[in-house]
Amino acid sequence: MTALHTPSDVERGRIAYRRRRAVRSVLLAAASTAVLGTLLVVAVTGSPGWDRVRTSFFNAEIAKESFPAVLEGLWLNIRMLVVCAVLALALGLFIAVLRTLRGPVFFPVRAMATLYTYAFRGIPLIIVIYLFAFGIPGLRLQGTPGVLVLGGAALVVTYGAYLAEVFRAGIESVHPSQLAAARSLGLTYRQTMRHVVLPQAVRRVAPPLLNDTVALQKDVGLVSLAGPIDAVRAAQIATAENFNYTPYLVAAVLFVLLALPLIAVTDWVTLRAARRQNAGT
Amino acid sequence: MLLSVDRVRKVFGPAVVLDDLSLAVDEHQVVALIGASGSGKSTLLRCVNLLERVDDGTITLDGEDITDPRVDPDVVRRRIGMVFQSYNLFPHMTVLGNITLAPTRVHKRAAAEAREKAMEWLTRVGLADKADSYPDRLSGGQQQRVAIVRALVNNPRLMLLDEVTSALDPELVGEVLTMIRDLKSEGMTMVLATHEMGFARQVADRVVFLDGGRVLEAGPPAQVLGDPVEPRTRQFLSRIIEAGRL
Amino acid sequence: MVSRNTVAALGSAAVMLAAVAGCAPADETAPTATASASASGPACAPGGLDTLTPGKLTIGTDNPAYPPWFADNKPSNGKGFESAVAYNVAERLGYPAANVTWTQVPFNNAIAPGPKTYDFDINQFSITDERKQAVDFSSPYYLVRQTVITTKGSKVDGVTNIAGLKDAKLGAQVGTTSLQAINELIKPSAKAQVFNSNDDAKKALQNGTVDGLVVDLPTAFYMTGAELDNGVIVGQLPQVGVPEQFGLVLDKDSPLTECVSEAVDQLRQDGTLAVLEKTWLAGTNGAPELQ
């Protein structure tokens, strides 16, 4: 290894100058943040309605009371999230692969898959849940599953459509030269998809996929309109009992805590994917 | 005759890229394709490899008409190895993974056997220490050599090389050309499209000059590159000489 | 050397700080002297109360507005028990029907802190102590009984006591004392199913995804009589502790509360409320009592 290089006077001067400037920027940022923060606090707590809002939204007593019920509701959110996310991802991947099949013989399959993604990205999720959880049981078919399963199905089918488009974008973003190389090695279309295209596609779209999963985490609670009690519903019930909004705040905090690990994973995956992706195409 | 291209025609929309082109390659022969961009070199290679469907004419490999629609292209491609200008290594797999993918999945060899063979090749080309690295850690020349190994490890009857040194820095070109020369000395049949005229002169048994989708001139390197008959060939070569590549 | 941008930023921050400090509180409805006035003081000037719009009374209710409390989802037609009560209260306060406007107030907006869009809200709000901390209630205008309803032939059809409901899947509208009744009185083994509206709850009952619903007595009669094909009333739940009553909701510390309560009291004392009940809630007797 070479000996450590000692900087010249010129370089030392430049380093000192940049350091001074950096320190000044940080101090300025801190000062302006402090000023802004103070302004906000003053504006909020000094406003005439502040006391009312504080008791309505930040009541410690009620927060403690409603916490167990909201937490229990959150457990439903978590269970639904895990199951629906997995199924929606699987469905989305399947539909995306169908949409990228080439050749005229597959036209009907492609058309149906396309129709599905258009339809379920268009219909509002609430309506789909209503149709599934209130409409299907109305048909009185043998072996109709419970409203939780039906609501979950509505979520899977709707989110599957969005995820299908994300996956499709990923698949189509894999450079055709990768396909050429894989086919040249004698890999069949299916093998090419499985070993070359999909691994790359999925890594590329991991960030938007995870983003959609975070969104799903919140939409999962909509099954509560069919009867089951999720965290938001539990908060709503507690709110109505006391005419106080604090339970909603409790629910919000819990949701954020739930989302944090997911968000951390998203960021980590994004970084790792970006590192690997640009090797000699 | 290992490979026979008979009056092949290929169009892309209004453009006729291969126009009634015929070419014959004997076993153990090395044929160099030269010509301007758009003269059809890459397209010809892709047609031989069935990555493109010909619009007319036939291609015969080992006596079998591979342009017959009843032929399974995947099966044909197992006998041909192709290497591309931009290496096209799979970025999500290690070097070893890249090389062993086809042997295990396509040729159904055992994983251990495939790995052994792969390491043999990597050692031969001096890249054994990169076996577990990902492609983004290798230089261009190293990646291209891995790409060549990846194609070779399947024992192809024929190797197609599409301007494999064009994307490389000049000092990395040498290591790839050395490897190709070694392949030739082992008797591999190769068709290579190239701009490296000096290399073509050393390695090729025949040089074929393509112009406007047709074979304009073909013959031994000394003749086509040293003393071409066609004026168009002369024109092309003089420009190459000017660019200092001959 | 501090840049010009920095000076500009700091300067505008200082200006903002000054503005906030000197900013007069908007919308300050200072309580007037009526706070300690006696019951029938001169503060309740007919037609001259401190309403949102002077000379007009703004009454709030939700959408849809259900029978038998309202009719045809139009509170302004005066039909339905609560619509009638509202117009009667308005008249006692000196606001004839022409000076009454209705406004749609979803449940959450009725109880939210901050300025209200109504003078009072009438929407089957039960008076509870916890709620009194957030809003003002008028005197009660109706005594509530929670009732279990179902469809003919269901699991709970024919049940005569609360014990018989323990295995059932029961439903109620969110935020209602009906839901509380399920959780506190019946305490079924299966969790109560909660719905955004009685419409959804009704659909679930028809689908069979719940075995029975709990609603207030008049709604029970209306649903089983007019809305459900095979609706039956199972029975009324016992009144436990303080009787449950509906009251009008007003903004906390509203200057109108005293006067509005007084008007309701008058309606009760002179028998108007009883008449209205008889008119709009007829046939809401004779439901069996569950023990």
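The values are calculated or read from the model by the stated rules, or taken from the named source; none is laboratory data. This is a predicted model, so every value here is computed, not measured. Cβ placement follows ideal geometry from the backbone for every residue including glycine, while neighbour counts extend to all protein chains displayed.
In summary, helices (runs of 4 or more DSSP H) completely within region B:69-149 and bearing 1 or more residues that are assigned by TED's automatic domain parsing to the domain that holds B:Asp55 and under 19 Å from B:Leu160 (Cβ atoms) occur at B:73-77.
Of the residues examined, A:Leu163 is not one that is assigned by TED's automatic domain parsing to the domain that holds A:Gly227, surrounded by 14 or more Cβ atoms within 10 Å (Cβ to Cβ), under 19 Å from the mean Cα position of the chain (by Cα) and more than 21 Å from A:Ala201 (Cα to Cα). Output yes when any residue across region A:17-26 is facing chain C (nearest Cβ under 10 Å) and surrounded by 12 or more Cβ atoms within 10 Å (Cβ to Cβ), and no when none is. Within region A:17-26, one or more residues are facing chain C (nearest Cβ under 10 Å) and surrounded by 12 or more Cβ atoms within 10 Å (Cβ to Cβ). Within the set B:Ser4, B:Ser22, B:Ser39, the sole residue that is under 28 Å from B:Leu183 (Cβ atoms), in a strand (DSSP E or B) and touching a residue at least 60 places away in the same chain (Cβ under 8 Å) turns out to be B:Ser22. Within region A:181-208, the set of residues being surrounded by fewer than 19 Cβ atoms within 10 Å (Cβ to Cβ) and under 16 Å from B:Gly81 (Cα atoms) comprises just one member, A:Thr188. If you check C:Ala98, C:Ala110 for being without any contact (Cβ under 8 Å) to a residue 24 or more places away in the chain and of a type outside the set (Ser, Thr, Tyr), only one passes: C:Ala98. Would you say C:Val105 is aliphatic (A, V, I, L, M), surrounded by 22 or more Cβ atoms within 10 Å (Cβ to Cβ), out of contact with any His (no Cβ under 8 Å at 6 or more places or on another chain) and in contact (Cβ under 8 Å) with a residue 60 or more places away in the chain? No: the conditions fail for C:Val105.
Checking each residue in region C:220-249 for being closer than 14 Å to C:Pro68 by Cβ and out of contact with any strand residue (DSSP E or B) (no Cβ under 8 Å at 6 or more places or on another chain) picks out C:Tyr222, C:Ala226, C:Glu227. When the residues of region A:222-273 are filtered to those that are of a type in the set (Gly, Ala, Ser) and within 11 Å of another protein chain (Cβ to nearest Cβ), the one that is farthest from A:Asn59 (Cα to Cα) is A:Ala273. Restricting attention to region A:242-277, the residues being surrounded by 22 or more Cβ atoms within 10 Å (Cβ to Cβ) and part of a helix (DSSP H, G or I) number 5. Looking for something more than 27 Å from the chain's Cα centre (by Cα), in the same structural domain as A:Leu179 (by TED's automatic domain parsing) and part of a helix (DSSP H, G or I) - is there at least one such residue anywhere in region A:121-129? No: region A:121-129 contains no residue that is more than 27 Å from the chain's Cα centre (by Cα), in the same structural domain as A:Leu179 (by TED's automatic domain parsing) and part of a helix (DSSP H, G or I).
Residues of region A:209-228 that are over 19 Å from A:Val157 (Cβ atoms) and surrounded by fewer than 23 Cβ atoms within 10 Å (Cβ to Cβ): A:Leu210, A:Asn211, A:Val214.
Identify all residues within region B:131-183 that are hydroxyl-bearing (Ser, Thr, Tyr) and buried (at least 17 other Cβ atoms within 10 Å of the Cβ); write none if there are none. Within region B:131-183, B:Tyr134, B:Thr165 meet the criteria.
Specify the residue that is surrounded by the most Cβ atoms within 10 Å (Cβ to Cβ); the eligible residues are those in region C:53-91 that are over 20 Å from the mean Cα position of the chain (by Cα) and on the phi < 0 side of the Ramachandran plot. My answer is C:Glu91. For region C:165-176, the count of residues that are of a type in the set (Ser, Thr, Tyr), facing chain A (nearest Cβ under 9 Å) and closer than 30 Å to C:Ser261 by Cβ is nonzero. Could you say whether any residue in region A:183-196 is of a type in the set (S, T, N, Q) and not in a helix (DSSP H, G or I)? Yes: region A:183-196 contains one or more residues that are of a type in the set (S, T, N, Q) and not in a helix (DSSP H, G or I).
Just one of the listed residues (B:Asp56, B:Asp68) is touching a strand residue (DSSP E or B) at 6+ places or on another chain (Cβ under 9 Å), more than 25 Å from B:Ala200 (Cα to Cα), more than 14 Å from chain A (Cβ to nearest Cβ) and without any contact (Cβ under 8 Å) to a residue 12 or more places away in the chain, namely B:Asp68.
Restricting attention to region C:105-151, which residues are in a loop (DSSP other than H, G, I, E, B), among the hydroxyl-bearing types (Ser, Thr, Tyr) and either at positive phi or more than 8 Å from every other protein chain (Cβ to nearest Cβ) (or both)? Across region C:105-151, the qualifying residues are C:Thr117, C:Tyr118. Looking only at region B:127-144, count every residue that is over 19 Å from B:Arg115 (Cα atoms) and acidic (Asp, Glu) and tell me the total. Within region B:127-144, residues that are over 19 Å from B:Arg115 (Cα atoms) and acidic (Asp, Glu) number 1. Determine the pairs where a residue that is aromatic (Phe, Trp, Tyr), located within region C:178-201, has a partner that is modelled with pLDDT of 90 or more and not in a loop (DSSP other than H, G, I, E, B) with Cβ atoms under 8 Å apart, the partner being 6 or more residues away or on another chain. Final answer for the pair search is C:Phe195/C:Gly171; C:Phe195/C:Ala172; C:Phe195/C:Gln173; C:Phe195/C:Ala201; C:Phe195/C:Ala204.
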